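Remarks on the structure that follows.
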Amino acid sequence: MDMHSAGIKMNSKVEEKFSDFYRKWMGQLEDFLQLLLVVSREHSHSQAAEDMVNKLTAHHKQYYTFKWAAAHEDVLAFFTPVWLSRLENAHLWVTGWKPSLVFRLVESAAMTEEQVKKIEALRVKIKMEEERVEREMERQQVAVADRKMVELVRQEQLAEKNGGAAEVSGLVEVAVRGMLAGLERVMKMADCVRLKTLKGMLDVLTPIQCVDLLAAKSMLQIQMRKMGEKRDKSLLLL
């Protein structure tokens with residue numbers, strides 16, 4: 001669903017602020033990726049690997065802290081983000097990456113039997129949590145198209161003609177505020193599943209396996225961004 005179809009005016013300041021933050025954040029991610037690859041290639045000792053994992057974890061926490069603060073001002077911006085390419089937007093799952101896809105990045109890793117069992121148990125748990133988020137998202141979508149909301153807007157239009165729009169406008173504002181709070185809640189639910197997935201996997205893997213996972217995830221994110229930007233530029237030239 002295109003959340004902008006709800007007819008809410010975008011806050012361009014939030015878009016501009018987050019676009020600038022995201023560009024810098026992705027630049028830092030590219031720098032971190034180079035360091036991750038060095039640690040992975042040289043099979044560095046566990047301390048070096050742990051240090052890199054801690055830096056990447058802090059980098060991701062910074063992203064979600066900034067995202068949640070910005071989304072509180074304008075949550076709709078995160079459902080159709082202008083800072084992402086068309087390709088990146090096409091792969092979004094409730095404003096971010098789909099947690100279950102990350103499990104594919106460790107399929108070729110040499111894990112112990114115990115690690116395999118723990119990862120599989122985590123996969124099942126995360127799949128259930130994804131489904132819970134999707135059900136909540138569907139509930140929010142239904143709420144946006146709810147007949148009461150449509151009726152309120154219709155009443156407002158009629159009241160404006162009769163010079164009594166103030167009371168109805170207040171009702172519409174309350175309804176819209178409730179819808180936005182619902183979208184913010186479901187976005188945070190999805191982000192928490194993402195964070196839970198990463199933490200769960202990092203807890204099971206060895207430090208060097210964690211480095212390889214974070215390198216693979218970062219590389220995928222960076223490559224998709226570059227490919228998406230390239231496609232968007234070529235479309236502009238047509």
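In terms of its C-alpha gyration tensor, the stretch 84-133 comes out oblate, because a/c is 1.5 or above while a/b does not outweigh b/c. Rounded to 0.05, the FRET efficiency of the Val116 and Leu195 pair, given R0 = 35 Å and the Cβ-Cβ distance, is 0.95. Positive contributions from Lys and Arg (+1) and negative ones from Asp and Glu (-1), summed over other residues with Cβ under 13 Å from the Cβ of Trp25, come out at +3. Each label point was placed 7 Å from the Cα along the Cα-to-Cβ direction; for His91 and Glu16 their separation is 3.0 nm.
Taken one residue at a time, the phi angles of the stretch 112-125 give Karplus couplings (6.51, -1.76, 1.60, θ = phi - 60°) of 6, 4, 5, 4, 4, 5, 5, 5, 5, 5, 5, 4, 4, 4 Hz. Gly and Pro are set to x.
If the chain linking Lys233 and Met128 were pulled fully straight, counting 0.36 nm for each residue of separation and taking away their Cα-Cα distance, it would gain 34.0 nm.
Net length available on complete extension from Lys24 to Val174 is 50.4 nm, with 0.36 nm assigned per residue and the Cα-Cα distance removed.
Sparsely packed loop sites in the stretch 34-114 (the GluC sites (Glu not before Pro) outside DSSP H, G, I, E and B with at most 16 other Cβ atoms within 10 Å) comprise Glu42, Glu107. Among Met187, Met219, sorting on how many other beta-carbon atoms sit within 10 Å of each Cβ, with the fewest leading, yields Met219, Met187.
For Thr80, no residue 5 or more places off, or on another chain, has a built amide H under 5 Å of its own.
Only the coordinates and a few stated rules stand behind these numbers; no lab work does. Given the structure is predicted, the values throughout are model-derived calculations rather than measurements. Cβ sites come from the backbone with ideal geometry, for glycine too, and all protein chains shown count toward neighbours.
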